[in-house]
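Okay, structure first, notes after.
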Amino acid sequence: MLEYALDKNSKETRHIGDVANGLECLCICPVCGDDLVAKNHTNSITRHFSHHTKNESSNCKMTQLHIGAQHFFRTSEQYLLPKVAFIYKGDQLTEESVYSKVVKGELESRIGSYSADVWLETDLAAIAIEVCVTHKNQIKKTLYYREHRIPAIEYDLSGYVDCPINEALEDLKANKVPYRWLYEWCREAMISRHNEKLHQKRLFIKKKMSLKAKKMMLDNSLYLPKLSLPYEYEKDGERVSQYIDVYNGGICHFDIVINEVKSKDHLIFKGMYKNKFIWVVYLLEDRVPREISYLDGSVVLHRINKLDEIYSEWFKYPELKKRLPEKIRLEKLHSAALKHAKELAFIYVKSNELLSRRDISRWEKWMIKSNCYVTTDSKQTMPLPAIFSLKNSTLSLWVFNTWDVLTLCCLAQLVDKKPIQTMISYTDMFNELADEIGVHEDYVDIERNVILGRLTELESDLVDKAEIIGSALSIFESRMVIKYEKEGFKRISSLMALLKIRR
Ligand SMILES: [Zn+2]
């Protein structure tokens with residue numbers, strides 16, 4: 001239905017609600033120029049113009065939406081400048097939507113050799129508004145806006161072609177219509193604010209880096225970062241790659257530090273120690289100058305991360321690289337030892353039955369000798385102490401290669417010899433237990449070849465002496481007769497009391 005028309009004489013836009021009824025409205029169709037008949041005696045929703053002589057074309061109808069939107073903006077008292085967001089120098093800049101007060105609105109306003117659908121002057125910005133129903137804004141016009149830095153926005157009403165005009169106008173009011181900034185109203189201000197921020201940040205980085213360099217000169221020492229290098233190998237017929245730590249990081253003490261270069265974007269120092277040296281570079285700008293790659297020898301770079309913190313990294317590392325073959329050799333030994341330990345632990349758990357048959361008479365003697373088994377009927381078979389019914393995983397006990405019950409009993413006896421509430425080292429306890437019942441013949445090799453710092457929690461339980469004892473003691477810890485501490489454990493009461501059987 002047509003709601004907007006042009007005044008026959010002034011060619012100004014007229015709304016159906018503002019004209020006389022019938023042909024006396026003196027209006028024409030903005031598209032085909034036909035005289036229009038105003039039918040505004042019905043209610044406000046159904047009143048409309050109809051063509052007098054010609055047929056109403058689809059073009060006549062679509063243009064209504066365009067005119068309605070134009071009219072909406074021109075007559076608005078305030079205008080919501082929609083949210084602005086764009087990428088600049090790799091950063092996302094945003095400005096939230098803000099209300100502005102409309103000072104002046106003009107339709108089909110001339111801008112250069114183009115005309116804007118609406119030219120709106122507000123207290124915050126003057127802005128060209130384009131309303132798109134079927135055709136997007138011409139590229140040339142958009143470029144003209146950008147080139148001349150004329151704030152311009154395009155609203156896309158193509159989704160409203162089949163809706164009543166009011167619906168589109170309501171959505172425009174609620175800022176729900178899709179829009180696209182052709183040239184953002186506050187672009188220059190945002191960019192200049194951002195550039196100022198970047199400038200301040202650069203100054204901040206320069207200051208921070210210079211201070212860091214000064215501190216190195218003062219201390220004559222520097223923390224050298226960790227270095228891991230990739231290493232590829234074959235595993236089960238497949239190519240795998242992994243990183244190997246060739247250097248774990250640490251403080252390097254220099255005999256002397258010389259400042260070699262002090263330029264506006266970087267500082268280069270030469271740190272000498274013994275008869276070696278390291279280049280230490282502080283980057284004041286976030287790029288590595290070409291001359292750094294010409295430096296002969298090892299180079300440590302200082303850079304800034306996203307949180308504006310200084311971090312260091314190896315840029316060249318000829319010396320550390322020489323360590324790789326030996327590290328690979330150790331890595332292979334580590335993997336093989338660990339694999340072997342896992343196999344042995346698995347076998348140990350599987351052969352529990354066998355071990356119990358082998359060790360049971362030794363255990364029974366131990367029970368009687370240590371007064372844990374008191375009976376009136378010596379013919380009865382000795383039952384297991386109740387505590388072993390809640391036995392935890394015994395995987396780590398593989399090391400002692402003895403029936404787990406006997407192992408834990410011996411452990412309890414050794415611990416009970418220690419005074420209450422004194423710290424007992426896990427490793428010492430391991431050694432004592434090993435002296436008592438021995439260790440698997442392969443354990444010594446395995447323990448020597450694994451790299452303890454590289455083990456997972458589960459792997460530690462299999463090869464690390466302290467962890468093995470910690471895990472073996474868990475059965476007593478759950479009864480609260482011992483207490484774990486970081487550097488050892490403490491005995492609270494008797495462990496052997498839990499092993500006693502009376503019949
Ligand atoms: Zn028409």
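List of remarks:
- For segment 278-329, the gyration tensor built on C-alpha atoms gives an oblate shape. Its axis ratio a/c (a ≥ b ≥ c) is at least 1.5, and a/b is not larger than b/c.
- Rounded, prolate or oblate (a/c below 1.5 giving rounded, otherwise prolate when a/b exceeds b/c) for segment 351-502 by Cα gyration tensor: oblate
- Taking a straight Cα-Cα cut-off under 26 Å and skipping sequence neighbours fewer than 8 places away in the same chain, the lysines within cross-link reach of LYS39 are LYS8, LYS11, LYS54, LYS61.
- In this structure, SER425 and LYS500 have a Cβ-Cβ separation that, at R0 = 25 Å, corresponds to a calculated FRET efficiency of about 0.40.
- Lys-Lys pairs in segment 85-185 that are eight or more residues apart or on separate chains and whose Cα atoms lie under 24 Å of each other come to 7.
- Net charge, ILE16 excluded, C-beta distance under 11 Å - Lys, Arg +1, Asp, Glu -1: +1
- Cβ-based net charge around ASN137, under 13 Å, with every Lys or Arg adding one and every Asp or Glu removing one: +1
- Cross-link partners of LYS322 among aspartates and glutamates (Cα-Cα below 14 Å; sequence separation of 8 or more within a chain): ASP245
- Debye intensity ratio in log₁₀ form over the Cα atoms of segment 199-322, taken at each q of 0.20 Å⁻¹: -1.15
- One equal scatterer on each Cα of segment 1-144, no solvent, Debye formula: the resulting log10 I(q)/I(0) at q = 0.20 Å⁻¹ is -1.23.
- Calculated FRET efficiency for the pair GLU170/ARG146, C-beta based, R₀ 41 Å, to 0.05: 0.85
- Calculated Rg and Dmax of the chain using C-alpha coordinates, Å: 42.6, 128
- Using a Förster distance of 56 Å, the FRET efficiency for ARG239-ASN275 (Cβ separation, nearest 0.05): 0.90
- On full extension, the segment bounded by TYR88 and ILE256 gains 56.1 nm, given 0.36 nm per residue less the C-alpha separation.
- A straight Cα-to-Cα reach below 24 Å connects LYS465 with the lysines LYS327, LYS332, LYS339, LYS342, LYS350, LYS391, LYS417, LYS418, LYS483, LYS486, LYS490, residues fewer than 8 places away in its own chain not being considered.
- Between segment 244-305 and segment 115-143, the Cα center-to-center distance that results, in Å: 55
- Principal axis box of segment 4-56, alpha-carbon based, largest edge first, Å: 26, 23, 16
- Counting only Cα atoms, the size of segment 85-185 along its three principal axes is 42, 32, 28 Å, in decreasing order.
- Gap separating the Cα centres of segment 454-503 and segment 170-206, nearest whole Å: 63
Just so you know, all these numbers are worked out from the coordinates, no wet-lab data involved. Note that the structure is predicted; figures quoted are calculated from it, not measured. Cβ coordinates were reconstructed from backbone atoms using ideal geometry, including for glycine residues, and neighbour counts include every protein chain displayed.
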